[in-house]
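Asks: Have a look at this one.
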């Protein structure tokens, strides 16, 4: 489906595709249905007129039956047309909802991974899933109702002015005044209400997802919901916002409700005053009956306009937010693949700041990792180590400078080619609720079972398979099948081994492993990194003693680099970190010795 630059509700036609004519047909049928729904009341008035004119001799009221049948006919036609209109808008709404979700999901698949660090899964689910459902409901029901509510006043104004313009004004003037109060609820300081309302909902939804994910921690440490301040505070902010908005609408809503009901209250006393000066009392009384029949229709019409106006605001904001994802910029990619003949990595005066943040996360960083060598990034938490590593596969694009692989700017690689050259093992391993085999084959979908089992063996995962009767076909997360952090890490290493990429990035891959798992992970690393260009981030300095070079990062800058022994002799940042690391080990040994 081609992207269109249209905005607002016209986007519905873009998403509807070849079903967009159904939207127009449905609205037309709803408009005709609204007009037909008025005609039974006119037929009833004709019945009342004939009875009134025939009194006391009711034998002359032969036309009453035909009027009754006409009333039934118009009512049935109105229902049938309205049902037909809803069928059309529902068919279009299902297509719109499907295409909205489809286009948004296709878009986020192509967005850089850095996008997901700013947009949580809870927020994205809310924007894509809930907003698509809101738009479906609006298109299927509220839009045809709104068209009917807009057409009906035109017909009613004409009808109200035909019989007695004075009584017509009694009905119309309060309705026009009610429009002023309706605008005061939706304009002024409340004009941006829907945007703020959606913001509050997204924040609360995102916090709720994070809270649910953290329930195991809550139970472990016997904490209450209030320990999750973000969730609690987001609920309170939503409550305060909704309450403040409701209170701001209190007086306009009261005035609106009074004015739309004024015709029913005013018709009888004003009708009596007019009747005193009426020449033809019988005719005037018949007209008064007619207007009393139509007054409730006017109330229903204004209520429909009010609620439809609210739904239009919701639908517009929902479309805008979905377009906010669809319009996100993708990373530019070349049309043709580039062949390289080495896998060295070079940073040339690279600087980078996260979107919306003026502080530089990486500042004029330059270093080279020769092909087949292992470099380690160390330094204080938040210093920029992970950011530097994430710039190589273009999770983000650099602001200044260049990152090259084999002498070619990473921006000049097609995304598929770039990702095929890099294997990752992150600090937090993610496994799908699927078999261990399928989890490993994510790295190479066309791999044979023999290749998968070889990768499992090289990643020191044989003991993991031995625990489960189904072995490699065991489904993670099913019927109590769970893996420890270290075991999940080894499965992730098996993925990387199966991928067999020439460049390996390890981001604190042993951070949460126990000693036994760490030993097995280190053995797996030896196989994974053999002959590869490796960039690793580690907080356990003992694991990087023998690497080819250590780059010390602090506040986004390289403060020193060299081999382990060289850095110790410099007696600077790395030396202090090493001494602190040794002290922590001694403290741990002493503590375990006391026990």
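Bear in mind that the values in this text are calculations on the coordinates, not laboratory data. This one's a predicted model, so the numbers in the text were calculated from it and none came from an experiment. Note that each Cβ is placed from the backbone with ideal geometry, even for glycine, and that neighbours are counted across all protein chains shown.
Asks: Between rounded, prolate and oblate, where does segment 332-405 land on the alpha carbon gyration tensor, with a ≥ b ≥ c its root eigenvalues, rounded for a/c under 1.5, else prolate if a/b exceeds b/c?
Replies: It is oblate, given that a/c is not under 1.5 and a/b is not larger than b/c.
Asks: Another question, if that's okay. Would you work out if segment 67-179 is rounded, prolate or oblate? Take a ≥ b ≥ c from the square roots of the eigenvalues of the alpha-carbon gyration tensor; rounded if a/c is under 1.5, else prolate when a/b is larger than b/c, oblate otherwise.
Replies: Oblate is the answer for segment 67-179, as a/c is 1.5 or above yet b/c matches or exceeds a/b.
Asks: Using Cβ counts within 10 Å as a stand-in for footprinting exposure, how do 432, 94, 115 rank, fewest first?
Replies: 432, 94, 115
Asks: What's the exposure ranking of 365, 173, going from fewest to most Cβ atoms within 10 Å?
Replies: Ascending Cβ contact count within 10 Å gives the list 173, 365.
Asks: Normalise the Cα radius of gyration of segment 345-594 by 2.2 N^0.38 Å (N = residues in it) and let me know the number.
Replies: 1.06
Asks: For segment 426-487, what class follows from the C-alpha gyration tensor (a ≥ b ≥ c being the square roots of its eigenvalues): rounded when a/c is under 1.5, otherwise prolate if a/b is larger than b/c, else oblate?
Replies: rounded
Asks: Given R₀ = 41 Å, FRET efficiency for residue 162-residue 24 by Cβ-Cβ distance, to 0.05?
Replies: Numbers: r = 30 Å, r/R0 = 0.74.
For residue 162 and residue 24, the calculated efficiency is 0.85.
Asks: A further question on this structure: What is the calculated FRET efficiency for residue 444 to residue 548, with r their C-beta to C-beta distance and R₀ = 41 Å, to the nearest 0.05?
Replies: Plugging the Cβ-Cβ distance into 1/(1 + (r/R0)^6) gives 0.90.
Asks: I've got another one for you. Run the simple label-point estimate for residue 430 and residue 329 please: 7 Å along Cα→C-beta, distance reported in nm.
Replies: 2.4 nm
Asks: When all alpha-carbon pairs of segment 307-362 are counted, what percent fall beyond 15 Å? Don't skip to the end; give the middle numbers.
Replies: Numbers: 1179 of 1540 pairs.
Value for segment 307-362 (Cα pairs over 15 Å): 77 percent.
Asks: Sorted from fewest to most neighbouring beta carbons within 10 Å, what does the list 385, 102, 441 look like?
Replies: Neighbour counts put them in this order, fewest first: 102, 441, 385.
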